[in-house]
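Student: Take a look at the following structure, please.
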Amino acid sequence: MISQEHGSLIEMIPPAAREAAGRLFADPGETILRADAPASHFYLLEAGSAKLVCEPIDSPPLIIDIYHAGDFFGEMEMVGLEIKDRSVVALTACELLCFTRDQFFHLWDQERAFSRTILAVHCRRLLAAGDDKVYTDGTLLSQRVLRVIQGHTSPGGWFLYTKQILAELTGISMRSLNRTLKALQLDGLIDVQAGAIRLKY
C-alpha cells in the first residue's frame, strides 16, 4: 500500500512528541517486528520500505502489505490485540519513530488530525482486505497477478519490486508466476525486461 493520502501523518505529530519518540534503524532484510514478539510500540516509518509478512505454521510466508514512508503499524497492539503470525521486514534501509502506548494515546487524545488519519487508513485497509478476498476467490490467477502489479507501479508503469516479492504478494510459486507473466506478456498487457516488469497500457 503506497502512502500518498496519509503521507503527512508525520507532520501531524508535534515536534516535541517526535523528539520524545524512540528511533529505530533497520538494514535491508532485517526483521523490524518478529511474529513471535507482538509490537510493544506504535511504529511510524519515516524513510524506507518494509513488508508485512504473514507466517502461517503450515504454509509458506505471504506478503500481506508493503509499507512506505508515512505508513504505520503496531496500532492494533496499542489497543490490546495480539497478532502472532506476522512479521515486518525491511525491504530497504528504514528509519522509524517508535511511540510507547502512553505516547500513542496522548497523541490520539490530543491531536485530532492524527487520530482521524489513523482511523481513515485503518478503514481503507479493511476495505482493501475485503476486496482482495472477493477478487482472489472470483478471478483467474493472471488477473490477480496483474492487479497486484497495477497496485505497485512507478509513474512510468514499472513494477516497484522483484519477481520474488510479486510471488509472495500473490501467494504463488515462482514457477507459477513465470508462467502467468508469460501469458500476460503474450496478451500484450505487460513487458518483462531482464526480470523487470512494466505495464504496457
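Per-residue answers, yes or no, for (1) of a type in the set (Gly, Ala, Ser); (2) more than 23 Å from Ile149 (Cα to Cα); (3) over 13 Å from the mean Cα position of the chain (by Cα); (4) assigned to a strand (DSSP E or B):
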| residue | (1), (2), (3), (4) |
| --- | --- |
| Pro60 | no, no, yes, no |
| Ile64 | no, no, no, yes |
| Glu82 | no, yes, yes, no |
| Glu95 | no, yes, yes, yes |
| Cys98 | no, yes, yes, yes |
| Phe104 | no, yes, yes, no |
| Ala113 | yes, yes, yes, no |
| Ala128 | yes, no, no, no |
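Student: Something else about it: Can you name the condition, by its number, that Phe99 falls short on among (1) modelled with pLDDT of 95 or more; (2) in contact with an Asp or Glu (Cβ under 6 Å, 6 or more places away or on another chain)?
Tutor: Condition not satisfied by Phe99: (2).
Student: Could you pull out the residue among Ala26, Ala20, Ala37 that is of a type in the set (A, V, I, L, M), surrounded by fewer than 17 Cβ atoms within 10 Å (Cβ to Cβ) and at pLDDT 95 or above?
Tutor: Values: Ala26 fails: surrounded by fewer than 17 Cβ atoms within 10 Å (Cβ to Cβ); Ala37 fails: at pLDDT 95 or above.
Of Ala26, Ala20, Ala37, the one residue that is of a type in the set (A, V, I, L, M), surrounded by fewer than 17 Cβ atoms within 10 Å (Cβ to Cβ) and at pLDDT 95 or above is Ala20.
Student: Another question about this same structure. Within the group Ser59, Ser87, which residue is without any contact (Cβ under 8 Å) to a residue 12 or more places away in the chain and among the hydroxyl-bearing types (Ser, Thr, Tyr)? Working first, answer last.
Tutor: Details: Ser87 fails: without any contact (Cβ under 8 Å) to a residue 12 or more places away in the chain.
That would be Ser59, the only listed residue that is without any contact (Cβ under 8 Å) to a residue 12 or more places away in the chain and among the hydroxyl-bearing types (Ser, Thr, Tyr).
The values are calculated or read from the model by the stated rules, or taken from the named source; none is laboratory data. Not measured: the values here are computed from a predicted model. Using ideal geometry, Cβ is built from the backbone for each residue, glycine included, and neighbour counts are taken over all protein chains shown.
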